[in-house]
Every structure is written in structure tokens, then in C-alpha cells.
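Here the structure comes first, spelled out in C-alpha cells, and everything after it is commentary.
The values are calculated or read from the model by the stated rules, or taken from the named source; none is laboratory data. If you're wondering where the values come from, they're calculated on a predicted model, not measured in any experiment. Positions of Cβ are generated from backbone atoms using ideal geometry, with glycine treated the same way; all protein chains shown enter the neighbour counts. With ligands, DNA and RNA removed, areas are computed over all heavy atoms of the protein, side chains included. Shrake-Rupley method; radii C 1.70, N 1.55, O 1.52, S 1.80 Å.
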Amino acid sequence: MKKPEKTLAQAIAERRATPSFDGSPIPSEDLKQILQAGLQAPSGYNMQPWRFIVVQSPEQKKRLRAASYNQAKVEEASAVIVACGDTDGWRKDLDLMLQQGLAGGMPESYAAQARSSVPNYLSSFSSDKMHGWLNKQVMLAVSFMLLTAETLGYDTAPMEGFEQEKVHEVLRLPLSYWVVALLGIGHLKGPDKFDGGRFNIAHTVFSEEFGKPLK
Ligand SMILES: Cc1cc2nc3c(=O)[nH]c(=O)nc-3n(C[C@H](O)[C@H](O)[C@H](O)COP(=O)(O)O)c2cc1C
């Protein structure tokens, strides 16, 4: 049974990294709504370099679990969204991004500038720098999906415990893909995780420059 929907504030306050899921299937309309939220995330130059593989079949979840240090929740989740970045996405999608932008009111001068600045900027990246860039973009989309799933009454589990090469093999990913995170979605089974708490604002936030407290 689906849990009641929540406001965004409730979802943020009540969310825990789900330790165990009951495995019940997720309706495709809900899954699509969650994925659409990911697609709405902002990204550098609007290049949208994320790619998502949705794993729901029992056989594929089992294989993915084996590629994820045997984490049981990978197999138990209703769906696991494997969030990847495509290191070559900007090469393939620059024209499409500009075409859509121009249709939505992007000034011609902006498009002309982006046509040269995007390749100039991104083609200079080392592999490590590109992975760092993709991590930023893809995790924002993951956050949008995670929070949307929580507002719809689902429980979620973000995961970085997986082996890059093994996930590549299981999902038959193109070589240009970089796996960033797994997002398990479903319904909690058993007791929820403890609340680990958070550092307070004084510990973490500064005003105007490092070390000055925010009043
Ligand atoms: C990027 C990321 C990767 C994570 N990877 C794992 C993981 O592989 N396995 C796991 O059990 N929990 C994982 N977690 C969950 C964290 O341990 C959890 O969010 C943290 O302890 C805080 O607990 P809370 O989310 O319940 O507040 C991950 C969380 C994030 C944000």
C-alpha cells in the first residue's frame, strides 16, 4: 500500500536512507513522474549529461546487487535508478540543446557563443575532471528524483557502494558512460534507519568569509 503524499518540507525532514525494501512493484506513472523530475534539474550549459538506467526485473536486480557489494536493498527495491553521466554527451547533444533553447527564447548571440564555448571548455577536461563535472550534474538530478519519490510517498536509498566495471558489464553500458550513483526506490520493510543527526549551522555555515558566523 502506497503511503500518503508529503510536502517537500515533510519529505526533507522525515527522509532516511532506507535500509530495507519490501519489493512491491512501483506503478509506471509514478516512476515516470520521478524520472521527469530528474530531467528538470539544472545542469552546466543545460547539457543534461545524465543518463538513467531503470532496473526493475528480479534477474537484473540480482545481477546489479552482485555488482554493488551484495547490498540486499539493491535487489529488494521496487526500482533502482542507475544514474550515469555520458562523458561524450556534450558532443552528441550540443545541437539539440541549442535547438531547444532557441525554440524557448534563447538569444541567437547566446547560442553562437555556446556553440564555441561548450566544446572549448569541455574538450579540455581530463578524464578525472570530466568525472568530477558529471558527478555534480548527475547528483543534482538524483536529488530531484529522490525528493520527488519521497513526496509521492516512497522510501529511497542513494548508493555509492558499487563497482564501476561490474555495473558497466551488467547493464551493457557504452564506454563513454560513468556510473555516478544508484537510487533505490520502494517501500520500507521493517524498522527505518536511525536518525544520524546533522551538524548545526554554526559548525557548517559561514557568513561573507570563512570563519565568520552567520548571525
Ligand atoms: C551519495 C551517497 C551514497 C551513499 N551510498 C550508500 C551505500 O552504498 N549504501 C548504504 O547503505 N547507504 C549509502 N548512503 C546512505 C548514507 O549512509 C546516509 O544517507 C547517511 O548515513 C545519512 O543517513 P540518512 O540519509 O538516513 O539521514 C549513501 C548516501 C549518499 C548521499
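Tell me which residues, restricted to segment 166-197, are out of contact with any strand residue (DSSP E or B) (no Cβ under 8 Å at 6 or more places or on another chain), surrounded by fewer than 19 Cβ atoms within 10 Å (Cβ to Cβ) and in a helix (DSSP H, G or I).
Once the filter is applied, which keeps residues that are out of contact with any strand residue (DSSP E or B) (no Cβ under 8 Å at 6 or more places or on another chain), surrounded by fewer than 19 Cβ atoms within 10 Å (Cβ to Cβ) and in a helix (DSSP H, G or I), segment 166-197 yields LYS166, GLU169.
For (1) within 16 Å of the ligand (Cβ to nearest atom); (2) at pLDDT 95 or above; (3) within 25 Å of VAL118 (Cβ to Cβ), each residue gets a yes or a no:
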| site | (1), (2), (3) |
| --- | --- |
| ALA9 | yes, yes, no |
| ARG15 | yes, yes, no |
| LYS32 | no, yes, no |
| GLN36 | no, yes, yes |
| ALA41 | yes, yes, yes |
| MET47 | no, yes, yes |
| ARG51 | no, yes, yes |
| LYS62 | no, yes, no |
| ALA72 | yes, yes, no |
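Scan segment 127-147 and give yes if some residue there is closer than 26 Å to LEU31 by Cα, outside any helix (DSSP H, G or I) and touching a residue at least 24 places away in the same chain (Cβ under 8 Å), otherwise no.
no
Can you name the condition, by its number, that HIS168 falls short on among (1) over 21 Å from ALA72 (Cα atoms); (2) more than 14 Å from the ligand (Cβ to nearest atom)?
(1)
Tell me which residues, restricted to segment 15-67, are without any contact (Cβ under 8 Å) to a residue 40 or more places away in the chain, of a type in the set (D, E, K, R) and open to solvent by 40 Å² or more (accessible area, probe 1.4 Å).
GLU29, LYS32, GLU59, LYS62, ARG65
Give all pairs with beta carbons closer than 6 Å in which a residue from segment 187-215 that is on the phi > 0 side of the Ramachandran plot meets a residue that is surrounded by 10 or more Cβ atoms within 10 Å (Cβ to Cβ); count only pairs at least 6 apart in sequence or on separate chains.
GLY190/SER20
Being closer than 24 Å to PRO58 by Cβ and at pLDDT 95 or above, is that true of even one residue in segment 96-103? Break it down stepwise before answering.
From segment 96-103, those closer than 24 Å to PRO58 by Cβ are none; that's our starting set.
Looking through segment 96-103, none of the residues is closer than 24 Å to PRO58 by Cβ and at pLDDT 95 or above.
Of the residues in segment 107-154, how many are open to solvent by less than 10 Å² (accessible area, probe 1.4 Å) and farther than 30 Å from ARG15 by Cα?
Residues that pass the stated criteria total 4.
Any residue at all in segment 185-207 that is closer than 19 Å to ILE53 by Cβ and within 13 Å of the ligand (Cβ to nearest atom)?
Within segment 185-207, not a single residue is closer than 19 Å to ILE53 by Cβ and within 13 Å of the ligand (Cβ to nearest atom).
Identify the residue in segment 155-165 that is among the acidic types (Asp, Glu) and either more than 17 Å from the chain's Cα centre (by Cα) or open to solvent by 20 Å² or more (accessible area, probe 1.4 Å) (or both) and, among all such residues, is farthest from the ligand (Cβ to nearest atom).
We begin by selecting, within segment 155-165, every residue among the acidic types (Asp, Glu); these are 155, 160, 163, 165.
Cutting the leftovers down to either more than 17 Å from the chain's Cα centre (by Cα) or open to solvent by 20 Å² or more (accessible area, probe 1.4 Å) (or both) gives us 160, 163, 165.
Details: GLU160: 4, GLU163: 11, GLU165: 17 Å.
Here the residue is GLU165.
Name the residues in segment 96-106 that are surrounded by 10 or more Cβ atoms within 10 Å (Cβ to Cβ) and assigned to a helix (DSSP H, G or I), would you?
Result: LEU96, MET97, LEU98, GLN99, GLN100, GLY101, LEU102.
Select from segment 74-90 the residues that are in contact with a helix residue (DSSP H, G or I) (Cβ under 6 Å, 6 or more places away or on another chain) and in a helix (DSSP H, G or I) and write down the one among them that is nearest to the ligand (Cβ to nearest atom).
The residue in question is VAL74.
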